[in-house]
Amino acid sequence: MSSKPDASRPRAADTKKVHIADTQMTRQNWYKHVNWLNVTFIIGVPISGCIQAFFVPLQLKTAIWAVIYYFFTGLGITAGYHRLWAHCSYSATLPMRIWLALVGGGAVEGSIRWWARDHRAHHRYTDTDKDPYSVRKGLLYSHLGWMVMKQNPKRIGRTDITDLNEDPVVVWQHRNYIKVVITMGLIVPMLVAGLGWGDWYGGFVYAGILRIFFVQQATFCVNSLAHWLGDQPFDDRNSPRDHIITALVTLGEGYHNFHHEFPSDYRNAIEWHQYDPTKWTIWTCKQLGLAYDLKQFRSNEIEKGRVQQLQKKIDQKRAKLDWGTPLDQLPVMEWDDYVEQAKNGRGLISIAGVVHDVTDFIKDHPGGKAMIKSGLGKDATAMFNGGVYYHSNGAHNLLSTMRVGVIRGGGEVEIWKRAQKENSEYVRDETGQRIIRAGQQVTKMPEPIPTADAA
Ligand SMILES: [Zn+2]
Ligand SMILES: [Zn+2]
């Protein structure tokens with residue numbers, strides 16, 4: 001009897017009763033929606049700690065110890081619960097796993113098994129209804145609403161945790177969770193301060209209760225702040241973001257856009273100057289022989305992701321700009337008609353077979369009115385491309401916004417070849433926008449054209 005088809009196993013309660021989370025909250029039933037156990041641990045206990053703090057003076061030694069224990073327990077979550085167990089981004093020896101399971105338990109955020117299971121669902125179903133702490137349901141919801149309000153466990157996305165069930169440390173911690181929490185969350189911080197310098201009550205309040213509150217709030221920020229504040233250098237389709245403030249608050253978990261893109265990388269910050277004490281801790285443990293098999297994505301792969309996201313941003317910017325009418329959408333003009341219209345006072349100028357209406361631009365021409373007027377009604381290709389002045393890329397770009405037609409005859413075949421190229425797949429981005437690279441406007445000749453009558 002190794003496998004049971006428990007997914008399809010109907011439970012009496014399931015078939016009859018609708019889960020409270022799936023019912024409308026009303027004035028009569030609101031208290032049934034609240035997860036009172038979690039409210040006690042996340043809100044009630046910290047409030048009691050704040051009240052007790054009024055009566056217990058804070059000693060310097062206790063304060064330092066509280067900060068040190070904050071880092072121990074916080075790293076238990078970030079290096080242990082998160083990067084080791086939820087993501088398997090490295091392997092740890094038994095002593096290190098026991099240590100992380102203990103100090104992680106001291107952060108009072110649930111057992112490794114429960115935490116890592118939800119976190120895997122969060123990665124797999126980010127921003128959807130199956131994401132247990134989706135930021136799409138609001139910042140406060142992703143921070144702690146998902147814990148203080150009851151959730152229908154069946155709505156959370158399924159994940160595979162067979163590896164966790166095979167880790168005896170994880171299983172032991174899950175079975176003895178309450179004992180671990182009381183011992184590591186409250187008794188140990190109290191014992192150290194009490195036996196060390198006689199501050200039993202201070203150890204309990206500051207290194208115990210209030211420290212738990214700060215660790216909880218800090219790590220909750222990974223679910224809220226890291227999905228709300230900052231940049232998205234690798235992918236902007238989902239909510240995860242990178243920000244130094246989140247990193248400072250969360251022991252280095254703030255490079256969350258990177259993390260969601262490369263979750264099995266033991267690092268969150270990839271630059272040496274970015275703040276990621278969790279990474280430093282794992283690396284140090286490796287030097288001490290406690291951790292091994294640290295996983296890291298090749299920088300080639302990371303840079304590819306970064307470049308693709310940059311490309312996407314560039315495409316979005318390009319789409320907002322006026323690049324002129326595409327060649328194949330311009331009307332065809334006879335040469336004589338072009339000359340005639342220019343003679344009649346319309347400011348038309350033909351360059352490389354493309355006709356431009358520069359009437360409104362003549363007065364603004366940096367090279368002077370006379371110069372541009374001398375090209376009206378003529379083939380000004382050579383004048384524009386070096387004969388008189390070898391115009392800049394910016395000038396070609398501006399010119400393209402004044403296109404009004406294409407000349408039949410003469411360079412027509414060339415023009416249509418270029419029109420085809422301009423319209424072809426390989427000069428379009430993925431959204432179908434044309435890409436006109438610098439120096440590649442159709443009016444641009446590859447080499448400056450010297451002409452005899454130029455000077
Ligand atoms: Zn996330
Ligand atoms: Zn993660």
Give the stretch 220-238 a look and list any residue that's in contact (Cβ under 8 Å) with a residue 40 or more places away in the chain, within 22 Å of Gln308 (Cβ to Cβ) and either more than 11 Å from ligand 1 (Cβ to nearest atom) or not assigned by TED's automatic domain parsing to the domain that holds Tyr90 (or both), or say none.
Gln232, Pro233, Phe234, Asp235, Asp236
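For the stretch 128-149, enumerate the residues that are exposed (fewer than 14 other Cβ atoms within 10 Å of the Cβ) and not hydroxyl-bearing (Ser, Thr, Tyr).
The initial filter retains those residues of the stretch 128-149 that are exposed (fewer than 14 other Cβ atoms within 10 Å of the Cβ), namely 128-129, 138, 140.
Correct list: Asp129, Gly138, Leu140.
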Would you mention how many residues in the stretch 374-404 are surrounded by 15 or more Cβ atoms within 10 Å (Cβ to Cβ) and within 18 Å of Lys343 (Cα to Cα)?
7
Given the condition within 12 Å of ligand 1 (Cβ to nearest atom), touching a Gly at 6+ places or on another chain (Cβ under 8 Å), part of a loop (DSSP other than H, G, I, E, B) and over 17 Å from His119 (Cβ atoms), answer yes or no: does some residue in the stretch 239-254 qualify?
yes
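Give the residues of the stretch 85-103 that are touching a residue at least 60 places away in the same chain (Cβ under 8 Å) and either in contact with a His (Cβ under 6 Å, 6 or more places away or on another chain) or part of a helix (DSSP H, G or I) (or both), sorted by residue number. Step through it out loud before you land on a result.
Pass one, the stretch 85-103, residues touching a residue at least 60 places away in the same chain (Cβ under 8 Å): 85, 87-98, 101-103.
Passing the criteria: Trp85, Leu94, Pro95, Met96, Arg97, Ile98, Ala101, Leu102, Val103.
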Near pairs, Cβ below 7 angstrom, 6+ apart or cross-chain, from the stretch 345-371 (at negative phi) to any residue that is surrounded by fewer than 11 Cβ atoms within 10 Å (Cβ to Cβ)
Lys369/Lys363
Would you please list the contacts, defined by Cβ atoms under 8 Å and residues six or more apart or on different chains, that run from a residue in the stretch 320-340 that is over 22 Å from Gly377 (Cα atoms) to a residue that is assigned to a loop (DSSP other than H, G, I, E, B)?
Asp322/Thr401; Trp323/Thr401; Trp323/Ile436
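Show me the helices (runs of 4 or more DSSP H) entirely contained within the stretch 287-391 in which 3 or more residues are outside the structural domain of Cys88 (by TED's automatic domain parsing) and under 29 Å from Ile407 (Cα atoms).
Fully inside the stretch 287-391 and qualifying: 335-343, 369-373, 381-384.
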Matching residues in the stretch 130-161 - criterion: being in a loop (DSSP other than H, G, I, E, B), at pLDDT below 90 and more than 15 Å from ligand 1 (Cβ to nearest atom):
Lys150, Gln151, Asn152, Arg158
Total residues in the stretch 152-179, condition under 18 Å from Asp118 (Cα atoms) and in contact (Cβ under 8 Å) with a residue 24 or more places away in the chain
18
Within the stretch 241-256, does at least one residue satisfy the condition of being small (Gly, Ala, Ser) and more than 16 Å from ligand 2 (Cβ to nearest atom)?
no
Filter the stretch 51-62 for residues that are assigned to a helix (DSSP H, G or I) and surrounded by fewer than 13 Cβ atoms within 10 Å (Cβ to Cβ) and give the result.
Ile51, Leu60
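In this structure, is Ala207 away from ligand 1 (no atom under 12 Å from the Cβ) and modelled with pLDDT under 95? Reasoning before the result, please.
Working: away from ligand 1 (no atom under 12 Å from the Cβ): yes; modelled with pLDDT under 95: no.
Against the criterion (away from ligand 1 (no atom under 12 Å from the Cβ) and modelled with pLDDT under 95), Ala207 does not qualify.
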For Tyr81, all conditions in the list (1) within 16 Å of ligand 1 (Cβ to nearest atom); (2) outside any loop (DSSP other than H, G, I, E, B); (3) aromatic (Phe, Trp, Tyr); (4) in contact (Cβ under 8 Å) with a residue 60 or more places away in the chain hold save one; what is the number of the exception?
(4)
Considering only residues that are within 25 Å of Asp357 (Cβ to Cβ) and assigned to a loop (DSSP other than H, G, I, E, B), look in the stretch 402-434 and name the one that is modelled with the lowest pLDDT.
Gly410
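The values are calculated or read from the model by the stated rules, or taken from the named source; none is laboratory data. Model, not experiment: these values are computed from the prediction. Positions of Cβ are backbone-derived with ideal geometry, glycine not excepted, and every protein chain shown enters the neighbour counts.
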